[in-house]
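> Please read through the structure below; I'll follow up with questions.
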Amino acid sequence: MAGGRETESTGPVSLLEVGTRGEVTKHGIPAAHGIAIGRAYLVDRRRLKTPKRRLEPDEIDDEIARFHRAVDLSDRQLDRVKQKIELEEGESYNIIAAHQLILRDEHVVDEAVRYIRDQGINAEWALLKTVEHIKEVFDAIADDYFRERRSDVDFVGERVLRNLLGRETSPVRPPPDAIVVAHDLSPADTAGLYRAAVAGLVTDAGGKTSHTAIVARAHEIPAVVGLEEVTHEVGTGDLVIVDGSEGLVIVNPSAQTVALYRDRARKEVAAGAALLGNRDLPATTTDGVHIDLVANVDAADEVSYALEHGAEGVGLFRTEYLFLTRAPRVPSEAEHFKSAMVVLNALDGKPATFRTFDLGADKLGSLIHDYHEPNPALGLRSMRLCLTDRVRPLFKAQLRGLLRASANGKLRIMFPMISGLRELHQAKEVLAEAKAELAAEGVDFDGDVPVGIMIEMPSAAVLADVLAREVDFFSVGTNDLIQYTLAVDRVNEHVTYLYEPLHPALLRLIRTVVEAGDAAGISVAVCGEMAGVPHVVPVLLGLGVHELSMNAVAIPEVKNLVRRSRQSEMANLAQATLSMATAKDVTDAVAEFLEKHS
Ligand code: PEP
Ligand code: MG
């Protein structure tokens, strides 16, 4: 996961207050799109000092009672937060209930009491030692999701500490239009924030699936998380720019930078408004070819955002996040069913392609196996992992859940990382078993549920004609296809310069896949990041791709591009690129094309 890289700007310093301390740009994890410019409001939750005191033997029982009172009070406070949210938002907030469970957990309560009794230390100190011990256990697991759960232990510990110290946990009350800057925000903190009309959220901690990120996305508040030490750089009142699309936070921006971002924000708002106008227009080229523009989605709460941006459905639902949000437990068949139903209901008749879980490599391998892989991208990941004896039952549970949901909407099942026919057959065998079981149990499902595969390995692309006979659709996962075709680790910054989406070798592979799909009469989508990049799209469409699945925010611009382009001209462009020698040649050709046709 991205860390908190930092770049010092050498841009001009304004005579205005802005920029007088020098502009600092921090790079974090983009959590919710959009640009916000405003004054920082620092939520200083972390600076409580823990008093440490040795107890006299006759003080111990009273101290334990004091500790229990603080736990009870914390529990009641969380109850109130939960009720308030349910009342105001009409939805239950499970995470608060989870905090109550942590609070009542024997590892917390018993261990703290043991410290007080055995070591004769005061309740605050005992609590600190307990929380640190629990966090050490989480620390030993090198996984983003667990790091985020570690922060839940912190939130709970801090609440009890405040109650012990008689320092009530006051709600975060930023002034309107503030940029809230915090080490981390608890679910109780974030729950009411959007109503305070905050402009942006920025945190040291967190990742794409942290509570801050989820709440920010749900309420469309630009947010950047995982900045590591941003709270050390910012004070209340500082001017801050949040670029939630790029994952940038600019502290004390120069007047020039502010002007630049104001302009960008204005353009985004204007573009957003203009593009809202194109939301219901078809993505059809000037010569009448319709292109399906659909969204890549990681969580059910992103579907409405996708629809607002004109998505005609979900082209890639990454089901891994279901695992991430439940770890270390794995989702049950019922949870797969429920999650798919939430997505289908939100889509109201539009189609959704659910990719079966793609764990391993960068995505939570530790949940499934505990050994070190020297080459995770080439290791036991994705479909390979699903077909092991150990993981096969989880895979089947997912397929059963998805099949059950298929009775209620347009659901498609997609297998990731298929290298060739043998793996496809094995995956389909598990699907056939799941169908046979459900049929025997008399459970409803769509017997003809479309089944497709991702083309992410050169072997699958080369053998596309063979694979096409056995599936209902292809979706080219260019993020991995580039990685494996060019032998460039997609997460290694030292070789990023070699990661070239317009490399002619890749384009030839995509062409092979499209030809195979056309010959078999099945649809071919692209769902890697390049599907949403305007200077790549004419080539993909020219190669004959029928469907583009991308981050929802990219859809309006891509739709505009489609609507002003001619398929026949894009086909000519693509044909020309197939005989080009380098990515640079292709890039230049596309730039020229776009200039001529814009
Ligand atoms: C891809 O590889 O292009 C893809 C869409 O899958 P992911 O990025 O989840 O590996
Ligand atoms: Mg992939």
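The values are calculated or read from the model by the stated rules, or taken from the named source; none is laboratory data. Owing to the predicted nature of the structure, the values given are computational and were not obtained by experimental measurement. Cβ coordinates were reconstructed from backbone atoms using ideal geometry, including for glycine residues, and neighbour counts include every protein chain displayed. Heavy atoms of the whole protein, side chains included, go into the accessibility calculation; ligands, DNA and RNA do not. Shrake-Rupley method; radii C 1.70, N 1.55, O 1.52, S 1.80 Å.
> Condition first: touching a residue at least 60 places away in the same chain (Cβ under 8 Å), touching a helix residue (DSSP H, G or I) at 6+ places or on another chain (Cβ under 7 Å) and either of a type in the set (Ser, Thr, Tyr) or in a helix (DSSP H, G or I) (or both). Now tell me which residues in region 502-522 satisfy that.
Matches in region 502-522: 504, 507.
> Between a first residue in region 530-553 that is touching a residue at least 60 places away in the same chain (Cβ under 8 Å) and assigned to a strand (DSSP E or B) and a second residue that is surrounded by fewer than 24 Cβ atoms within 10 Å (Cβ to Cβ) and of a type outside the set (Gly, Ala, Ser), which pairs have beta carbons less than 6 Å apart while being 6 or more apart in sequence or on different chains?
From region 530-553, the pairs are 547/292.
> All but one of (1) within 24 Å of residue 471 (Cα to Cα); (2) of a type in the set (Val, Ile, Thr); (3) modelled with pLDDT under 95 hold for residue 353; state the number of the condition that does not hold.
For residue 353, the failing item is (3).
> Still on this structure, please answer the following. Could you list, in sequence order, all residues of region 233-265 that are open to solvent by 70 Å² or more (accessible area, probe 1.4 Å) and more than 18 Å from residue 178 (Cα to Cα)?
Passing the criteria: 246, 256, 260, 264.
> Can you work out which of the residues in region 154-184 that are in a loop (DSSP other than H, G, I, E, B) and in contact with a strand residue (DSSP E or B) (Cβ under 8 Å, 6 or more places away or on another chain) is nearest to residue 231 (Cα to Cα)?
Residue satisfying both the conditions and the ranking: 183.
> Collect the residues in region 381-426 that are within 16 Å of ligand 1 (Cβ to nearest atom), hydrophobic (A, V, I, L, M, F, W, C) and touching a Phe, Trp or Tyr at 6+ places or on another chain (Cβ under 9 Å), keeping them in residue-number order.
383, 385, 386, 413, 414
> Would you pick out the residues in region 581-598 that are of a type in the set (Val, Ile, Thr), assigned to a helix (DSSP H, G or I) and open to solvent by 40 Å² or more (accessible area, probe 1.4 Å)? Step through it out loud before you land on a result.
So the first thing to find is which residues in region 581-598 are of a type in the set (Val, Ile, Thr), and the list is 582, 586-587, 590.
Next, only the ones that are assigned to a helix (DSSP H, G or I) stay: 586-587, 590.
Once the filter is applied, which keeps residues that are of a type in the set (Val, Ile, Thr), assigned to a helix (DSSP H, G or I) and open to solvent by 40 Å² or more (accessible area, probe 1.4 Å), region 581-598 yields only 587.
> Could you please let me know if residue 436 is over 16 Å from residue 382 (Cβ atoms) and surrounded by fewer than 21 Cβ atoms within 10 Å (Cβ to Cβ)?
It is true that residue 436 is over 16 Å from residue 382 (Cβ atoms) and surrounded by fewer than 21 Cβ atoms within 10 Å (Cβ to Cβ).
> Here is a further query. Name the single residue that is farthest from residue 298 (Cα to Cα) among those in region 517-540 being buried (at least 24 other Cβ atoms within 10 Å of the Cβ) and of a type in the set (A, V, I, L, M, F, W, C).
539
> Right, another one. Taking residue 325 as the residue in question, decide whether it is away from ligand 2 (no atom under 16 Å from the Cβ), modelled with pLDDT of 95 or more and either touching a Phe, Trp or Tyr at 6+ places or on another chain (Cβ under 6 Å) or open to solvent by 50 Å² or more (accessible area, probe 1.4 Å) (or both).
The answer is no for residue 325.
> What are the residue pairs meeting all of these: first residue in region 407-425, first residue closer than 24 Å to residue 345 by Cβ and charged (D, E, K, R), second residue more than 16 Å from ligand 2 (Cβ to nearest atom) and not in a strand (DSSP E or B), Cβ atoms under 6 Å, and 6 or more apart or on different chains?
Taking only residues 6 or more apart or on different chains, the pairs are 410/351; 412/450.
> Let me ask something additional. Could you run through region 557-580 and say how many residues are polar (S, T, N, Q) and not in a helix (DSSP H, G or I)?
Qualifying residue count for the region: 2.
> Moving on. Name the one entry in 334, 340 that is assigned to a helix (DSSP H, G or I) and either buried (at least 21 other Cβ atoms within 10 Å of the Cβ) or within 17 Å of the chain's Cα centre (by Cα) (or both).
When all the criteria are applied, what remains is 340.
> Being part of a helix (DSSP H, G or I) and among the small types (Gly, Ala, Ser) is the filter; apply it to region 288-307 and report the residue that is nearest to residue 524 (Cα to Cα).
306
> Further question: Quickly run through region 43-78 and pick out the residues that are touching a Phe, Trp or Tyr at 6+ places or on another chain (Cβ under 8 Å) and farther than 30 Å from residue 202 by Cβ.
Within region 43-78, 51, 52, 53 meet the criteria.
> Within region 308-331, can you find the residues that are part of a strand (DSSP E or B) and either farther than 22 Å from residue 449 by Cβ or not β-branched (Val, Ile, Thr) (or both)?
Within region 308-331, 315, 316, 317, 318 meet the criteria.
> Still on this structure: Would you confirm whether or not region 380-400 contains a residue that is farther than 18 Å from residue 484 by Cα, aromatic (Phe, Trp, Tyr) and either open to solvent by less than 50 Å² (accessible area, probe 1.4 Å) or at pLDDT 95 or above (or both)?
yes
> Can you pull out every residue in region 296-316 that is closer than 16 Å to residue 528 by Cα and modelled with pLDDT under 95?
296, 297, 298
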